[in-house]
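The values are calculated or read from the model by the stated rules, or taken from the named source; none is laboratory data. Keep in mind that this is a model prediction, so the values were computed, not measured. Counting neighbours? That spans all protein chains shown, and the Cβs are built from the backbone with ideal geometry, glycine included.
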Amino acid sequence: MTTPKKLFIKTYGCQMNVYDSERMAEALGASGYVTTDTPETADMILLNTCHIREKAAEKVYSELGRLKGLKSANPDLKIGVAGCVAQAEGAEILRRQPLVDLVVGPQSYHRLPEMEARARSGEKALDTDFPEEDKFDRLGGRPKASRGPTAFLTVQEGCDKFCAFCVVPYTRGAEVSRPAARILDEARELVDRGVRELTLLGQNVNAYHGAGPDGTWGLARLIRELAKIDGLDRLRYTTSHPNDMEDDLIAAHGDCPELMPYLHLPVQSGSDRILKAMNRKHTAEQYLRLIERIRAARPDILLSGDFIVGFPGETDADFEDTLALVRAVGYGQCYSFKYSPRPGTPAAERDQVDEDVKSDRLARLQALLNAQQEEAQRAMVGRTVGVLFEKPGRMPGQVVGKSDHLQAVHVEAGTDWLGRIAPVEIIAAAPNSLAGRLAT
Ligand code: SAH
Ligand code: SF4
Ligand code: F3S
């Protein structure tokens, strides 16, 4: 038997990259690779990259610089760049960093085994096509080991929305939904391997419109059918666009018990002027009305969002509108960023806001969001919520899991609880985690 080659993958960016990294490991499994956690022992290192902000993209080049030593210690080591930087920069990466052997865009992962063989024979391998065939169709296929109780499942990829700041429509391509039957099969297989919670992924997941056995299915129908799978107890989905929150999806939040009470629904800004300049195609008021309808369906839902400060043209008054929207919604947890001009996107060409102004606004917004998060965490104390235990805690005798509302919860309990869901009474709150006791 030949000894397997070792593959180390470092993943940046969004959850879809996490999912794709698993698929790449499976695809290269067919070429005799097993994964390793130590880059020093690897025969192949893949960086699965993110291009969303300048900082994210620059990280890739500094990481590649750090890999120089490993490559001189082991000349057989192959280094590959995958993900959205690979898609956006392509051959430029090979020029800028000669130690890279392989560059593969997100739509070409099914071609990795053949690319790896080319790299092994000493060629540079580059593939950033948007091929006709479905990459998921050709990935995987070998027997798979059991796994932890939570998993991601990509149901939709790409985006047609073209927000003026965003690279995703360029790096991930046009919006494509996977056929429902294939998603249901993958979900059943994951459940057989021990998964109890699935997070459905898509850059625009609630725009899902996949082929079903009786016509096109929307996300709500897909969720209702997935919920019927025995042993699949929890469903989540991310990331959604406000304009695609259809009535039946809102209704599912009220009547589908498997659909967890947490929703990431980015709005980016609270100013109508800026929303328009961002090409978001809705107003702040429409977003607030939508939140009201979602809360009417599921009153205890925990809301999350994304914000950009310092978008070109944002005035103090626009920024105050964002703070006002945040106050009106009351989020449980949010992500916020300084606007970062991305090459090739419309907003990159416009007059930019000063860096100091951006920093100041970000600090003010984050202070408000942090206060809301702490409030949401404190509000859990005394409540009993479902927790799916995922891993041992930092302290001996502790296990950690996620609440229905996606908050981390640690509990004094044995590791026999891992993979199980139990009611937990929350007894203490910290900004990023909760403590509880089993209420069974
Ligand atoms: N598909 C998701 C967003 C993907 S990007 C959606 O539509 O919501 C994740 C977040 O990064 C965005 O919601 C936005 O807040 C932020 N982001 C995207 N482009 C950015 C840029 N150029 N500068 C700063 N933040 C950006
Ligand atoms: Fe980017 Fe999301 Fe806008 Fe699509 S909807 S362009 S992924 S921010
Ligand atoms: Fe980043 Fe690409 Fe995801 S740019 S956020 S890795 S879709």
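For this structure, a couple of remarks:
- The strands (runs of 3 or more DSSP E) found entirely in region 76-170 that carry 3 or more residues being under 28 Å from ARG234 (Cβ atoms) are 150-154.
- The criterion of at least 2 residues that are under 18 Å from GLN373 (Cβ atoms) is met, among strands (runs of 3 or more DSSP E) falling completely within region 383-440, by 398-403, 408-412, 421-429, 434-438.
- Filtered residues of region 7-43 (kept if in contact with a helix residue (DSSP H, G or I) (Cβ under 7 Å, 6 or more places away or on another chain), away from ligand 3 (no atom under 16 Å from the Cβ) and closer than 24 Å to GLN97 by Cα): LEU7, PHE8, LEU28, PRO39, GLU40
- Residue count for region 187-205 satisfying the condition of being assigned to a helix (DSSP H, G or I) and either touching a strand residue (DSSP E or B) at 6+ places or on another chain (Cβ under 6 Å) or not acidic (Asp, Glu) (or both): 5.
- Residue match in region 25-44 (condition: away from ligand 2 (no atom under 16 Å from the Cβ), at pLDDT 95 or above and under 29 Å from PHE307 (Cα atoms)): no
- The listed residue being more than 16 Å from ligand 1 (Cβ to nearest atom), buried (at least 20 other Cβ atoms within 10 Å of the Cβ) and among the small types (Gly, Ala, Ser), out of GLY210, GLY194, GLY202, GLY231: GLY210
- Selection within region 34-59: residues that are crowded, with 22+ Cβ neighbours inside 10 Å and of a type in the set (S, T, N, Q). The member of this set that is nearest to ligand 1 (Cβ to nearest atom) is THR49.
- You will find that of SER31, SER21, SER62, the residue that is small (Gly, Ala, Ser), part of a loop (DSSP other than H, G, I, E, B) and more than 16 Å from ligand 1 (Cβ to nearest atom) is SER31 and no other.
- Failed condition for PHE311, given (1) of a type in the set (Phe, Trp, Tyr); (2) within 14 Å of ligand 2 (Cβ to nearest atom); (3) not in a loop (DSSP other than H, G, I, E, B): (3)
- Of the residues making up region 153-208, those that are in contact (Cβ under 8 Å) with a residue 60 or more places away in the chain and away from ligand 2 (no atom under 16 Å from the Cβ) number 5.
- Given (1) within 16 Å of ligand 3 (Cβ to nearest atom); (2) touching a strand residue (DSSP E or B) at 6+ places or on another chain (Cβ under 8 Å), number of the condition GLN87 does not satisfy: (2)
- Any hit, region 121-143, residues being touching a residue at least 12 places away in the same chain (Cβ under 8 Å), within 16 Å of ligand 2 (Cβ to nearest atom) and buried (at least 20 other Cβ atoms within 10 Å of the Cβ): no
- Selection within region 209-231 - without any contact (Cβ under 8 Å) to a residue 60 or more places away in the chain and either of a type in the set (A, V, I, L, M, F, W, C) or within 17 Å of HIS253 (Cβ to Cβ) (or both): ALA211, TRP217, GLY218, ALA220, ARG221, ILE223, ARG224, GLU225, LEU226, ALA227, ILE229
- Some residue of region 359-370 being in contact with an Asp or Glu (Cβ under 6 Å, 6 or more places away or on another chain) and at pLDDT 95 or above: no
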